[in-house]
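Structure first, then comments.
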Amino acid sequence: MLKVKRAQATRREALTTLSTTTEEKQVYSGSATIAEAAYSTAQSQLAQAEKNLQRTQVRSPVNGYVTNLLMRVGDYATAGSTNISVVDAASI
């Protein structure tokens, strides 16, 4: 999408004012700028998601058995919420 917007803006900029208006050139240039900003934002969000994934750890304080598993494939875990329980193997 970004490449298309850039190409359209470049194509319009190369045209003379006989074949296109100044306003149309500005509209296509603005669309390209907006697409560049959206792409930059998406890259930043991806980098943040990758950092968060690297920081993600699931640890149990004891050896045991998982019970009350409330998660399903595709669910999102949030910090501070209980999604599973672990029963200490030494207490059984």
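Values in this text are rule-based calculations from the coordinates and carry no lab data. Source: prediction; values computed, not measured. Using ideal geometry, Cβ is built from the backbone for each residue, glycine included, and neighbour counts are taken over all protein chains shown.
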Completion exercise
Given the candidates TYR28, THR16, VAL62, the one whose Cα lies deepest towards the positive end of the charge dipole of the chain, counting +1 at each Lys or Arg C-beta and -1 at each Asp or Glu C-beta, is THR16
Practice task
Mind listing the long-range amide H neighbours of GLY64? Cut-off is under 5 Å, sequence gap 5 or more, other chains count too, H placed in the peptide plane at 1.01 Å from N.
Solution key: ALA89
Fill in the blank from the handout: Here D for the chain, in µm²/s, from Stokes-Einstein with a Kirkwood Rh over Cα pairs at 25 °C and 0.890 mPa s, works out to 135
Practice task
Compute the long axis of helix 22-55 from its Cα atoms, compare it with the longest principal axis of the Cα atoms of the chain, and write down the angle in degrees, 0 to 90, nearest 10.
Solution key: 20
Problem - Under 5 Å, built H, 5+ apart or other chain: amide partners of VAL86 - result: THR67
Practice task
Just flag the trypsin sites (Lys or Arg not before Pro) in the chain sitting in loop per DSSP whose Cβ has no more than 12 other Cβ atoms within 10 Å.
Solution key: ARG59, ARG72
Problem - Low-density loop cleavage sites - chymotrypsin sites (Phe, Trp or Tyr not before Pro) in the chain, where at most 12 other Cβ are within 10 Å (DSSP) - result: TYR76
Handout entry: Theoretical ellipticity at 222 nm over the chain - DSSP helices of four or more residues, -39500 (n - 2.57) apiece, nearest 500
Key = -18000 deg cm²/dmol
